[in-house]
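The values are calculated or read from the model by the stated rules, or taken from the named source; none is laboratory data. Keep in mind that this is a model prediction, so the values were computed, not measured. No Cβ is skipped: glycine too gets one built from the backbone with ideal geometry, and neighbour counts run over all protein chains shown.
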Amino acid sequence: MLKFMVISLIFKRRIFMDWGMKNRLSQLIKSDGKCLFMPIDHGYFLGPTSKLEKPGETIKPLLQYSDALFVTRGVLRACVPPDNSIPIILRVSGGTSVVGKDLANEGITTSIKEAVRLNVSAVGLSVFIGSAYEHQTLMNLSNLVNEAEEYGIPVMAVTAVGKELEKRDARYLALCCRIAAELGAKVVKTYWCENFDKVVNSCPVPVVIAGGPKTETELEVLEFVHDGMQRGAIGVNLGRNIWQNQHPVAMIKAIRAVIHENASAKEANKIYESEKKKK
């Protein structure tokens, strides 16, 4: 009898958690199946990045156009209003800096209990495949998924390359994304590259496009976002190419048009040019 009660309790718990997982994912990925995530977690390894010295002021005009915010617990508590209704993806890995020996030597910095306490919609961490810390960061992902599944919290894996930007080709990124998905990530964030469809088509979970360092022109950003969306990405995770822009609201509106309104890069660029003239 006791055994039956225990099995019944576990079964009911799994049903509940499955609903929670689906509910959180629906907060992140909108009804059209697309998303615009805005990361402001850069300070965890870069320190006070340009235009992000005061995160609260930077994000204030942008939150209403974002589908989710990717942030550390420190900045979340200090800079994001508690009445904010934008879903939160909590950065839970770190422990290295841009002046340190190796950016790949990350550990888990924030517990799942803390994520629950902060009422987040997902957690995110970086994996460094091909680095000296490949095993460590992949085990970070595996262990995080094990814990997060207990609470119905989705995990977003970030296929990081550290300072080795030349690694961003389809063969390498497809490998990274597939491994992250195999280990249980519900969403994978990766860089855009030529032949991006090869990356997306070999990954069984949704892929969002990372931005990387700020580009020289707005059109360049809009073109790789549009190409990535056409090749199967469900959205973007763009930070510096939005809030380091001279007209961040105009830029996020233009990117949003590509994602949620199927605008072409040129159409979105016209939106940017029009919006930046507004006060």
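Using the structure shown, decide if residue 178 is modelled with pLDDT of 95 or more and surrounded by fewer than 22 Cβ atoms within 10 Å (Cβ to Cβ).
yes
Give 142, 131, 126 a once-over and let me know the one that is part of a helix (DSSP H, G or I) and farther than 22 Å from residue 19 by Cβ.
142
So that you can scan it fast, the table gives a plain yes or no per residue for (1) without any contact (Cβ under 8 Å) to a residue 40 or more places away in the chain; (2) touching a Gly at 6+ places or on another chain (Cβ under 8 Å):
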position: 79; (1), (2): yes, yes
position: 92; (1), (2): no, yes
position: 98; (1), (2): no, yes
position: 101; (1), (2): yes, no
position: 114; (1), (2): no, no
position: 125; (1), (2): yes, no
position: 130; (1), (2): no, no
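With the structure loaded, tell me whether residue 144 is in contact with a Cys (Cβ under 8 Å, 6 or more places away or on another chain), surrounded by 20 or more Cβ atoms within 10 Å (Cβ to Cβ) and of a type outside the set (Val, Ile, Thr) or whether it fails that test.
So residue 144 does not fit the description; no.
Take residue 235 and tell me if it is surrounded by 18 or more Cβ atoms within 10 Å (Cβ to Cβ), under 21 Å from residue 29 (Cβ atoms), in contact with a Lys or Arg (Cβ under 7 Å, 6 or more places away or on another chain) and of a type in the set (Gly, Ala, Ser).
yes
So if I check each of 85, 26, 31, which one is over 23 Å from residue 214 (Cβ atoms), at pLDDT 95 or above and either part of a loop (DSSP other than H, G, I, E, B) or among the aliphatic types (A, V, I, L, M) (or both)?
On inspection, the qualifying residue turns out to be 31.
Would you please name the residue that is nearest to the chain's Cα centre (by Cα), looking only at residues in segment 105-130 that are hydroxyl-bearing (Ser, Thr, Tyr) and crowded, with 20+ Cβ neighbours inside 10 Å?
Only one residue tops the list, namely 126.
Would you kindly identify the helices (runs of 4 or more DSSP H) lying entirely within segment 196-249 that contain at least 3 residues that are closer than 17 Å to residue 38 by Cα?
Once the helices (runs of 4 or more DSSP H) in segment 196-249 are filtered for at least 3 residues that are closer than 17 Å to residue 38 by Cα, what remains is 218-230, 240-243.
Please go through segment 188-228 and give me each residue that is among the hydroxyl-bearing types (Ser, Thr, Tyr) and either in contact with a strand residue (DSSP E or B) (Cβ under 7 Å, 6 or more places away or on another chain) or touching a residue at least 60 places away in the same chain (Cβ under 8 Å) (or both), ordered by number.
Matches in segment 188-228: 190, 191.
Checking the condition over 16 Å from the mean Cα position of the chain (by Cα) and touching a residue at least 24 places away in the same chain (Cβ under 8 Å), which residue from 72, 58 passes?
58
Could you please give the count of residues in segment 97-123 that are within 23 Å of residue 177 (Cβ to Cβ) and part of a loop (DSSP other than H, G, I, E, B)?
Total meeting the criteria: 7.
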